[in-house]
Amino acid sequence: MDSPPHKAAHAGSVSPAASNPTPPLPARWGFAVGSGILGWVLDAFTFFILIFVVDALAKNFRVDKAAIVWSITITLATRPIGALILGSIADRFGRRRPLIGCVLFFSIFTALTPFAPNYTVFLLFRALYGIGMGGYWGIGASLVMESSPSRWRGLFSGIMQAGYSLGYLLAAVAMRDLEPRFGWRWMFLVALIIAGLVALLTVLAPEPAAWKKNRAAGFADILRTPLKYKKEFLYLVLLMTVITCLSHGTQDLYPDFLKSAHNLSTIAVSNLTILYNIGAILGCLAIGHLSERFGRRNSIMLALAVAAVSIPAWAFGSSLIVLALGSFMMQFGVQGVFGVVPAHLNELSPDNVRSLFPGVVYQLGMLFGAPSVGIEYALRNRLGYSWALTAFELCTIAVLFVICGFGPERRGRDLSGA
């Protein structure tokens, strides 16, 4: 019988299962953790490559830039489908083989993207890519969390989530250093090389003992389980939706804000983007690691406090140095929240659906939170750019404080279901 998430301990406490001795970790557990983390880096890399070559794709397919940007919406819409299908397969047949299949699937369609014969086929490739991309997080996070030592779970949670910002940085570096030499199409082909490395690491990794112990009897059992925990499911979808609003609200319009409201040059904006992505990586690592000591909810609220106090410098900074400090600390806090997410969602998920449950929760949150950018942009016309960003983020942070303050936690839970 699964341990119900609604019996969760609150912040700073540890579930009774955590006090029981856990079986020794198998040899080569590091390969499992490494493959899960590297695959998430690849996931982000393949997503952001398209963002950097919108103009080239529009010219290639003879469409407006808006048509290429719309393909991002299609990718977001198919991600929950991938989380449902591939997460179910991983809960039934193990983490390793579905992870390899998922990585190869979305990497192949990434590589095919620039070679689509027309715009319609391009959209089809991006929809299929979204299925693979959406399926990865649930499988990768469960593999990392089930394979890592419980005392390091928070740290590896932060490392995994930092992989998304690292993938963004690598995409920017590739566009700067590789694209001028080899052409923009090669940016999509590079993914196949990284995918091969992820597959090799996964082949060398052992299957987590937690999955072996909690393996579902069949797909019917897997699909029924989330229905048994619908209150917990809805709570976590709400949590991830608001966290997504926090992230999108501080990132997506910020480069345009720097250019429009502060008249910064493209080079200055690019340098600031690199700087605050470094802050994002450090935030994931630091807050994720602290959550092992202070609890998942307390650490999320600490990261929210960092984001809140950085708002004046982030939105109203009067110099480049102040804006740099504000944006660095903002992303430290925002992505610090995300650094806790893999551990928190896996600990609150039923044992036999630890790929499906958090994976679908994560991707639905990404989908439902996506309109936040449009809301911010509409507020800009009424409040001005700085106050629009400030009002939206203050409201988001306040809601997250309430959601986390009264939510469940199972820090230290034995993921084997003992």
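Read-outs: derived from the displayed coordinates by stated rules, not from any lab. As the structure is a computational prediction, the values presented were derived from the model and not from experiment. Here the Cβ positions follow ideal geometry from the backbone for every residue, glycine too, while neighbour counts run over all protein chains shown.
The stretch between VAL121 and ARG176, if pulled fully straight at 0.36 nm per residue, gains 17.0 nm over its current Cα-Cα span. Computed extension gain for ILE321 through PHE401, at 0.36 nm per residue and net of the alpha carbon distance, reaches 25.9 nm. Per-residue ellipticity at 222 nm computed for the chain from its helices equals -26500 deg cm²/dmol, with DSSP H segments shorter than 4 residues left out and the rest contributing -39,500 (n - 2.57). Fully extending the segment from VAL373 to THR266 would add 36.4 nm, taking 0.36 nm per residue of separation and subtracting the current Cα-Cα distance. Charge dipole of segment 27-405 (Cα centre as origin; +1 on each Lys and Arg Cβ, -1 on each Asp and Glu Cβ, all else neutral): 700 debye, rounded to the nearest 20. In plain terms, the residue of MET160, MET145, MET301 with the fewest other Cβ atoms within 10 Å comes first and the most crowded comes last, giving MET301, MET145, MET160. For segment 55-201, the normalised intensity computed at q = 0.12, 0.13, 0.21 Å⁻¹ comes to -0.56, -0.65, -1.42 (log10 of I(q)/I(0), Debye sum over alpha carbons, equal scatterers, no solvent).
Put simply, the Cα atoms of segment 144-274 extend 57, 37, 31 Å along their principal axes, the longest span coming first.
Lysine pairs in the chain whose alpha-carbon atoms fall under 26 angstrom of each other, counting only those eight or more residues apart or on distinct chains, come to 12.
For the options ARG92, ARG185, ARG176, a Gaussian network treatment of the chain with springs between C-alpha atoms closer than 10 Å singles out ARG176 as fluctuating the most. Taking a sphere under 15 Å around the Cβ of TRP184 and counting the other residues whose Cβ falls inside, with K and R at +1 and D and E at -1, yields a net charge of +2. In this rough spin-label picture, where each label sits 7 Å from Cα along the Cβ direction, the ASP64-PHE294 distance is 4.8 nm.
Across segment 27-405, C-alpha contacts under 8 Å between residues 6 or more apart give a mean separation that, scaled by the residue count, equals a relative contact order of 26 percent. Sorted fewest first by neighbouring Cβ atoms within 10 angstrom, HIS262, HIS248, HIS344 come out as HIS262, HIS248, HIS344.
Residues with beta-carbon under 15 Å from that of LEU389, excluding LEU389: net charge, scoring Lys, Arg +1 and Asp, Glu -1? Once positives and negatives cancel, what remains is -1.
Using the Cβ-Cβ distance between ALA308 and ASP221 with R0 set to 41 Å, the FRET efficiency from 1/(1 + (r/R0)^6) comes to roughly 0.45. In this simple spin-label approximation, ALA77 and LEU394 carry label points 7 Å from Cα along the Cα→Cβ vector, and these lie 3.6 nm apart. Counting every other Cβ atom within 10 Å of each residue's Cβ, ILE51, ILE89, ILE222 order from fewest to most as ILE51, ILE89, ILE222. Cα centroid separation, segment 339-368 to segment 99-172: 15 Å. Cβ-Cβ distance of ILE278 and LEU197, R₀ of 25 Å, FRET efficiency by 1/(1 + (r/R0)^6): the value works out to about 0.60.
Pick from ILE403, ILE37, ILE159: which residue has the top mean-square fluctuation in a GNM of the chain where Cα pairs under 10 Å get a spring? Sorting by GNM fluctuation, first place goes to ILE403.
Could you identify which residue out of THR113, THR390, THR266 has the top mean-square fluctuation in a GNM of the chain using Cα springs shorter than 10 Å? Looking only at THR113, THR390, THR266, the biggest GNM fluctuation is shown by THR266.
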